[in-house]
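Right, one structure below, let's go through it.
The values are calculated or read from the model by the stated rules, or taken from the named source; none is laboratory data. What you see is a predicted model; the values in this text were computed from it and never measured. Here the Cβ is made from the backbone with ideal geometry for all residues, glycine too, and neighbour counts use every protein chain on show.
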C-alpha cells in the first residue's frame, strides 16, 4: 500500500505539472522534435523521480534493515485489489507519457513505446527497493500488473490510435476503514490510497468508438465495468480484534459493477487549458447509476455510485 500512495502522489504531481506547462501556452504538438521541450520534460521527470524515491526511503525503508535481494509472493493479498491498482496506475502514467512525448515532437511509434512504458518502469523501481528490504520483497505479481498496464495503453494506441478502453479509479469511504484505521487509513487522504474496501477499478469503454459514424451514441458516453472488494480488515485474513476491541466477522468478497461513465477527453471546450484539465482528470470514474453483483448480497442497484 505504501507504493500505491507514492504512485498516486506522483500521478497527481505529474497531472499538476503537465497542466501548468500546457497552461503557459504550449498547447500545440511540435511538428518536429523540440529539444528545449524535451529537456524541460526530462528535468522535471528526473527531479520528481529522485524526490519520490528519497521520500519513500525516509518514510519507510530506513526504518527496516536492508537484506539480500529476495522475492515476496503477495498475490493472495487484498483479493488482488492492489494488483488492479498497479495496472491502472501504470496505464495512466503511460498514457501521460505518450501525450507528453507526442507533444515534444517525438515520432509516433517512439512516443507510444517510450511513453507507454514510463508507468511500468516507474512502478517497478519500487519493487527493486522492496527486494532489498527485510520487511518487504520483490513482487513478481506487482511487476506483472505494471507491465500489463503498459501493454494495454501501448496496444490500444498502436491498434486504434486512441484509447477506446480506459482504466479508471474511484473511491467511496468504507465502514471497514473505521474499524482498522491503523491499516486502512485514519483520514480521507490515507483512505483514498489504503482503503481497498472503498476503492473500485474500472475499464471504461467508449461505445461510440466501436460503432459506425451514423451512431446516435454521444462520443463522450462510456460503459464502465468495475471491480472492487469488501470485508477486508487484513491483507490475507481478518483479525479478530483491534486494540483490545473485538472486530466483526466480515465476509471477504469481490464485487463486480456495470455503470455509465463519461470520457472527459471527448469533451471539447473553447478553452485549451480546460480541455487539458479534462484530459488529466479522465482517470477518475464519474458518479453514475450502477448495478453491482457479489456472492454475498447478489444483485444490488446503486442510484448514484462512485
With segment 74-142 as the region, which helices (runs of 4 or more DSSP H) entirely inside it contain at least 3 residues that are under 24 Å from residue 226 (Cβ atoms)? 81-103, 118-131
From the residues in segment 242-256 that are in contact with a strand residue (DSSP E or B) (Cβ under 9 Å, 6 or more places away or on another chain) and in a loop (DSSP other than H, G, I, E, B), which one is surrounded by the fewest Cβ atoms within 10 Å (Cβ to Cβ)? 251
Within segment 296-305, is there a residue that is surrounded by 18 or more Cβ atoms within 10 Å (Cβ to Cβ), over 18 Å from the mean Cα position of the chain (by Cα) and either outside the structural domain of residue 79 (by TED's automatic domain parsing) or over 22 Å from residue 166 (Cα atoms) (or both)? yes
Would segment 44-64 turn up any residue that is at pLDDT 90 or above and over 16 Å from the mean Cα position of the chain (by Cα)? no
Among 145, 90, which is the only one that is crowded, with 23+ Cβ neighbours inside 10 Å, outside the structural domain of residue 195 (by TED's automatic domain parsing), within 12 Å of the chain's Cα centre (by Cα) and over 30 Å from residue 27 (Cβ atoms)? 145
Which residue, of 227, 188, is in contact with a helix residue (DSSP H, G or I) (Cβ under 8 Å, 6 or more places away or on another chain) and closer than 21 Å to residue 281 by Cα? 227
Counted residues in segment 277-306 being assigned to a loop (DSSP other than H, G, I, E, B) and under 18 Å from residue 204 (Cα atoms) come to 7
Test of understanding: among 219, 191, 206, 186, which residue is over 21 Å from residue 149 (Cβ atoms), crowded, with 20+ Cβ neighbours inside 10 Å and either touching a residue at least 12 places away in the same chain (Cβ under 8 Å) or out of contact with any strand residue (DSSP E or B) (no Cβ under 9 Å at 6 or more places or on another chain) (or both)? 191
